[in-house]
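Peer 1: Quick one: structure below, then a few questions.
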C-alpha cells in the first residue's frame, strides 16, 4: 500500500464506533492505538481496514465491514441450526439480516437462551474450540431440597460416561418451594453436558437456559429476539480467544 492508498486511521476508528474523529485523533496522539502490532502516533496514517489489525487500549477493533456479530435468544423447541431438513423451526426463522451467518456452537432443542451468530470463521472456531476454554453460564431449574455441599461436589467434578466433568461456578439463583433455579458455569461444551452433570448428582434438569457466552450476556433479550453486538462486546470476544 502506497502513501496515498488506504483510509486515514482516525476515520477507520470513527466508522468502527470508537468515537468522533476528534476523539480518535486524541487516542492516536496519546499512543493508545496500534496497527499490526506497532504503536501509531501520526494522524495521517493510512490503513487497509480489510486487512489491518487495530487495537485501542489493547482491545481489538473490528474494521472489516463485511463481518457481522449477533446475539439471539433461541426459544425452546427450536433447533440451533440455520436450516432443518425435517422442517422444524430453526434459527433462520428468527434471523432478519441479509448476510449469510453461522451459529457459534449449539443448544439442545429443549434448551433456550443465548447463541452467537457471525460470519467470522476464525472467531467462531476459537469460541467453540476446547483449548480456549470459553466459559458458558446457564440457569437450570431443578427440584429441591438442595444439599449444602452440592456446589462443592459439582466443582470437584464427577465422572460421566465420556470422562470427568465439573462446574467452574455454582450457586442457587432463586428458590420457591421445591422449585430451585441454580446458576452453573462451565468452560466446556460437550453434548447435554449441563443436563448430564446435574442428573449424575441426583438433580435432573426441568428447564434450562444459557444466559452467558464468554463476555456476552443474554440480558433482557426476549425469546426469538436478536441484536447486533456492540463494538465493545466484539472486542471482549476477541480478547477472550486471543485475537
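Peer 1: Search the range 79-105 for residues being free of Cβ contacts under 8 Å to residues at least 60 places away in the same chain, in contact with a helix residue (DSSP H, G or I) (Cβ under 9 Å, 6 or more places away or on another chain) and part of a loop (DSSP other than H, G, I, E, B), and hand back the single one that is nearest to residue 228 (Cα to Cα).
Peer 2: Ranking the qualifying residues of the range 79-105, first place goes to 101.
Peer 1: Here's something else I'd like to know. What are the residues in the range 132-166 that are exposed (fewer than 14 other Cβ atoms within 10 Å of the Cβ) and within 16 Å of the chain's Cα centre (by Cα), if any?
Peer 2: Within the range 132-166, just 133 meets the criteria.
Peer 1: While we're here: So the check is Cβ under 8 Å with 6+ separation or different chains; which pairs have a first residue in the range 1-23 that's farther than 15 Å from residue 63 by Cα and a second one that's outside any loop (DSSP other than H, G, I, E, B) and modelled with pLDDT under 75?
Peer 2: none
Peer 1: Which numbered condition trips up residue 76, out of (1) under 25 Å from the mean Cα position of the chain (by Cα); (2) modelled with pLDDT under 90?
Peer 2: Among (1) under 25 Å from the mean Cα position of the chain (by Cα); (2) modelled with pLDDT under 90, the lone unmet condition for residue 76 is (2).
Peer 1: For the range 4-58, what are the residues that are surrounded by fewer than 16 Cβ atoms within 10 Å (Cβ to Cβ), in contact with a helix residue (DSSP H, G or I) (Cβ under 7 Å, 6 or more places away or on another chain) and more than 25 Å from residue 229 (Cα to Cα)?
Peer 2: 41, 43 - these are the residues of the range 4-58 that are surrounded by fewer than 16 Cβ atoms within 10 Å (Cβ to Cβ), in contact with a helix residue (DSSP H, G or I) (Cβ under 7 Å, 6 or more places away or on another chain) and more than 25 Å from residue 229 (Cα to Cα).
Peer 1: Out of 71, 52, which single residue is outside any loop (DSSP other than H, G, I, E, B) and either under 16 Å from the mean Cα position of the chain (by Cα) or assigned by TED's automatic domain parsing to the domain that holds residue 31 (or both)?
Peer 2: It is 71.
Peer 1: Separate question: Looking only at the range 195-216, count every residue that is more than 21 Å from the chain's Cα centre (by Cα), surrounded by 20 or more Cβ atoms within 10 Å (Cβ to Cβ) and either within 17 Å of residue 168 (Cβ to Cβ) or not assigned by TED's automatic domain parsing to the domain that holds residue 166 (or both) and tell me the total.
Peer 2: Matching residues across the range 195-216 total 2.
Peer 1: Here's another thing I want to ask about it. So which residues in the range 59-78 are crowded, with 18+ Cβ neighbours inside 10 Å, in contact with a helix residue (DSSP H, G or I) (Cβ under 9 Å, 6 or more places away or on another chain) and under 18 Å from residue 213 (Cα atoms)?
Peer 2: 69, 71, 72, 73, 74 - these are the residues of the range 59-78 that are crowded, with 18+ Cβ neighbours inside 10 Å, in contact with a helix residue (DSSP H, G or I) (Cβ under 9 Å, 6 or more places away or on another chain) and under 18 Å from residue 213 (Cα atoms).
Peer 1: So residue 219 clears everything in (1) farther than 25 Å from residue 129 by Cβ; (2) in the same structural domain as residue 81 (by TED's automatic domain parsing); (3) in contact (Cβ under 8 Å) with a residue 40 or more places away in the chain except one condition, right? Which one?
Peer 2: Failed condition: (3).
The values are calculated or read from the model by the stated rules, or taken from the named source; none is laboratory data. Model, not experiment: these values are computed from the prediction. All Cβ positions, glycine included, derive from the backbone under ideal geometry; neighbour counts span all protein chains shown.
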